[in-house]
């Protein structure tokens, strides 16, 4: 029940048309001279690994790329998701043998690859990547670079926390959605909605039947500038921010405002079709899924950024992203970099990808295009592109996923289930989860 699974299934967002423009020249490394890059920057055969929707969009850009680089043959392979992660891991463990030249990697996998295989991915700073340091959404450069200046990937997709809602339900309940200025206020609104319409406020996979059932908890964390780990890799799962986030979830549940959507993706989609909840607190990419799921409800939906956890706090957070990296052992790094540069740093190409599969670009210049400033009839005339652009422009902090993100998720979902199904104390279960994570990983608690 995550973003990559949806892209694998071919989900799209609605979009319009238009072009933008960004001119930037890469450093001397991108020519294969003086940067340590392997191969010729103007010719070679390169392979790209991705999955479903993104793979289709990469393939669609190859003809335009070949007009500029006719001697670089590009083969895009749809490896599938989650199969791609095992395939990349196997290749890195084998010293790079069998890996594609270009690798599409999620933000939650990149740190593990970098930590476990220090030379597995190419250092893009040697290819001129630093030229684009300020071209992407705030906080993303830190997720692909290290303190020593090494750049492991370039950002592609950037998804911000969102607050999709049934405007007709809010109206029937007499609640002004735009007046909700904290999650405390959202809880009070949820009580009124439940009393007057019978609808839940939102849904959560209570028994954690899916690995990422803590998406809402993670969003609440990030809206406080917090995460499972700090930037030094220390565990912060039992921080005051984490306890506050889990306490909000407990208060909602205790008030009868949380619908159980256990059962995976189908359960989530079914709840939207049935209209069981007034709010779907999912990120940018999910708007198109709602449109595809209930096309007959055009005009009955709205979208805004989520309320802050504390009044005056953050309403924006980049909750997930994906990147393109190069294999460290690739023989055609210079040519592969040309393709990555072509795809990710040219606004017109990011606009084409957005129009094709709704992948929200990390490249800020792409948002000059009218497609991101067009009112949506489905979302009641609101402009989703502008709303999420506002989030990307905000001073969003960087988040450290580390190589132990999967362990942190498991500890978190177990703790959340105890809160939702057994009424456990948030501070106690998060403290136990943090202790368990420290024992499993050897990491210190902050």
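Where a number appears in this text, it was derived from the coordinates with a stated rule and is not lab data. Bear in mind that the values here come from a model prediction, so they are computed numbers and not experimental data. Counting neighbours? That spans all protein chains shown, and the Cβs are built from the backbone with ideal geometry, glycine included.
A few notes on this one:
- FRET efficiency for residue 133 and residue 386, using Cβ-Cβ distance with R0 set to 25 Å, rounded to 0.05: 0.50
- Computed lengthening from residue 331 to residue 40, 0.36 nm per intervening residue step minus Cα-Cα distance: 103.8 nm
- Counted over the chain, the DSSP beta bridges are approximately 60% antiparallel.
- Put in order of Cβ neighbour count within 10 Å, fewest first, the listed residues 429, 340 become 429, 340.
- Estimated FRET transfer efficiency when R0 is 41 angstrom, pair residue 211-residue 119 (beta carbons, to 0.05): 0.90
- Whether the stretch 160-309 is rounded, prolate or oblate, judged on the alpha carbon gyration tensor where a/c under 1.5 counts as rounded: prolate
- Entry note, the chain: relative contact order of 29 percent, from Cα contacts under 8 Å with a spacing of 6+ residues.
- Calculated FRET value between residue 196 and residue 377, using beta carbons and R₀ = 22 Å, to 0.05: 0.25
- Applying 0.36 nm per residue to the separation of residue 398 and residue 178 and subtracting their alpha-carbon distance, the gain on full extension is 76.4 nm.
- Rounded if a/c under 1.5, otherwise prolate or oblate - the stretch 216-276, Cα gyration tensor axes: prolate
- Taking a ≥ b ≥ c as the square roots of the eigenvalues of the alpha carbon gyration tensor, the stretch 39-165 is rounded, as a/c is under 1.5.
- Between 0 and 90°, nearest 10: helix 183-197 axis offset from the chain longest Cα axis: 60
- For the chain, the mean residue ellipticity at 222 nm estimated from helices alone is -12000 deg cm²/dmol, where every DSSP H run of n ≥ 4 contributes -39500 (n - 2.57) and the total is divided by all residues, rounded to the nearest 500.
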